[in-house]
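Below is one structure, written out as C-alpha cells, with a few remarks after it.
The values are calculated or read from the model by the stated rules, or taken from the named source; none is laboratory data. None of the values given here were measured: they were computed from a predicted structure. Please note: Cβ atoms are built from the backbone with ideal geometry, for glycine as well, and neighbour counts cover all protein chains shown. Remember, those area values only see protein heavy atoms, side chains included, never the ligands or the DNA or RNA. Shrake-Rupley method; radii C 1.70, N 1.55, O 1.52, S 1.80 Å.
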Amino acid sequence: MTVAENGADFAESLFKCAKNADIQCVKLSLKVFSLTFFSLFSVLSFAEDSVYEIPELLKGIWQNDGRYIVFDSGENTAESAIPMIVLRTFYRWYDDRAAEGEVATNAFPRDKNNTTSQRPEKLSIQFEPLTDQVFVQGKGEASIQDDGDSITAENASSGAWDMIIHYDGKMGGKEKTCHVPIAVIGDSLYLDFVVKQEDSDSVPMSSLLNGKIIESGNILAGYWRNYEKAQGILISTQEQKGQSELLCYFVTDTKVYPLRYWETDMEFDAEATAHFDADGKIIEIPKHLKSGEKIFTCVKGRRTAVRNLTEADDFLQEKSTNTILVHKVRQNDSGETIDYSVRTSTICAFGKPYLTRANDLSSIQETIESDNSRKKPAPEPLFPPHGILDFDWSIISDPPESYDRRMLDLGK
C-alpha cells in the first residue's frame, strides 16, 4: 500500500470519527497517522544517511600491471565501503576476483579452477582526508574553507587520504587493519608523496591584486609532511617494516632542506616543536609525527634543535606536484572589496604512479569477462618450418673418422 493510499484511508477514517463526534477516535487516528509517517520519515532518512561516501576522485576503475581496483563497488555500508580487487595473474591472461562483496559474489558465478578461491577475501575501507579534495573548475564543487576562501585545481584535480583497510578476522586479539596513505593527481594515484598545508594567507593583501592570480615566490615553499609508505593496496595484511624513517622537507625560495624523522617509542605530543637555522632565519617544524599507529621524531629526547641538517637544490626524487588556486575576497582599510586568487601547491608525489585511472573501461565485470575470454596463441615451433627434409644418410652409414668434432659440424 502506498503513502497516498494510507493517507486516503486515514482521511476517510478521520471523517467517519468526526461525523460520529467520537473525539477519542479522532485522537487515536491522529496518533496512528503521526506514528506511521514518523516511522516512514525515519526509514527514508536512515536510508539516505546510511551509505558511506567514497571521495569523488577515487571513483572508477584503477589499474596497474598486476591488478584492477574499484574503490566504489556499490556495496557501501553505513560505516565503510566494500572495494573490489581483481588480480591479473598468469602474465595478465587471467583475472582473479580475489576480493569483492557479497552482492558481486552472488550476482556473478565464480570460476572453478585451481587459481581462484570460491570464497573471496572480504575487505572494507575508510578514508581520512590529508588534504582538501579539489577539482578543476567545471568538474566539481570548489572546496570552501572556514574563512570563506574557495579552492579549485588549476590543471588537474587532486586530493590525499589515509585509507584504512579492515580485513576479516583478528590477529593477536585485535582487528586486522592497515593504513595506506594515497594521493591522487589527475588520473594517477601515488603511494609515495608528501603534503603541505595551503599557505595563501602568507601573501600580503593589496588593492593591486584585484582580479589577478598571483604567487609568492616559490609555490613549493613551506613544510612538506611525509607519511609511511605502504607496499601496495593488497588483499592481505601487510607489515610496513623496513621503513623506520620518514623523509620530510622544508622548502624556501632558494633551497630545499631534507628532514629525517625516525621511529620512536616517545609519547606523541602534537604541540611539541623543533627548530633549525635556514640562512639566519629560525624555522620551527613539528617535533613528532604520527603515521598510522607509529610515532616518529626528528630530535632525540628533550632536545629541540635539528642536527646534521643538509641542503639541496631540489627534492631528492623525481616529483609530480599539483597546482591549486585559492580564491579570496577581502576588504581593505578603505572598505574596497578585493577579489584575487593565490596559486600554490599542496601535494608532491614521487616516482611513477602506483595506479592509473582506466577511463576506457566502463564496467569491471565486462572487463573481466573480456580478459578471461582470450586464448593464448600457440607457441612458435621449436624448429623453423621447412619443405623437403634435406638429410644425408651417409652421415650415419659412413661416419667421419674423427669423432671429436662437434655434432653441429657433422655433414659440413
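Laid out as a table, the results:
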{"item": "Unique match (being of a type in the set (A, V, I, L, M, F, W, C), within 26 Å of the chain's Cα centre (by Cα) and farther than 24 Å from residue 158 by Cβ) among 349, 270, 305", "result": "270"}
{"item": "Listing of strands (runs of 3 or more DSSP E) fully contained in segment 254-366 that carry 1 or more residues being polar (S, T, N, Q)", "result": "256-264, 273-278, 288-291, 294-297, 319-321, 324-331, 337-344, 355-357"}
{"item": "Test: residue in segment 147-155 that is among the small types (Gly, Ala, Ser) and either in contact with a His (Cβ under 8 Å, 6 or more places away or on another chain) or open to solvent by less than 20 Å² (accessible area, probe 1.4 Å) (or both)", "result": "yes"}
{"item": "Any hit, segment 52-72, residues being closer than 30 Å to residue 233 by Cα, modelled with pLDDT under 90 and not in a helix (DSSP H, G or I)", "result": "no"}
{"item": "Residue 291 being touching a His at 6+ places or on another chain (Cβ under 6 Å), open to solvent by less than 100 Å² (accessible area, probe 1.4 Å) and modelled with pLDDT of 90 or more", "result": "no"}
{"item": "Residue within segment 163-185 that is part of a loop (DSSP other than H, G, I, E, B), at negative phi and among the basic types (Lys, Arg) present", "result": "no"}
{"item": "Any chance residue 174 is surrounded by fewer than 21 Cβ atoms within 10 Å (Cβ to Cβ), farther than 29 Å from residue 355 by Cα and charged (D, E, K, R)", "result": "yes"}
{"item": "Residue in segment 6-21 that is touching an Asp or Glu at 6+ places or on another chain (Cβ under 9 Å), at pLDDT 50 or above, surrounded by 11 or more Cβ atoms within 10 Å (Cβ to Cβ) and of a type in the set (Gly, Ala, Ser) present", "result": "no"}
{"item": "Hey, residue 77 open to solvent by 40 Å² or more (accessible area, probe 1.4 Å) and among the hydroxyl-bearing types (Ser, Thr, Tyr) or not", "result": "yes"}
{"item": "Residues (open to solvent by 60 Å² or more (accessible area, probe 1.4 Å) and in a strand (DSSP E or B)) located in segment 131-146", "result": "144"}
{"item": "Which numbered condition residue 128 misses (of (1) open to solvent by 80 Å² or more (accessible area, probe 1.4 Å); (2) more than 27 Å from residue 52 (Cα to Cα))", "result": "(2)"}
{"item": "Residue in segment 214-229 that is more than 16 Å from residue 311 (Cα to Cα), open to solvent by 60 Å² or more (accessible area, probe 1.4 Å), more than 28 Å from the chain's Cα centre (by Cα) and not aromatic (Phe, Trp, Tyr) present", "result": "yes"}
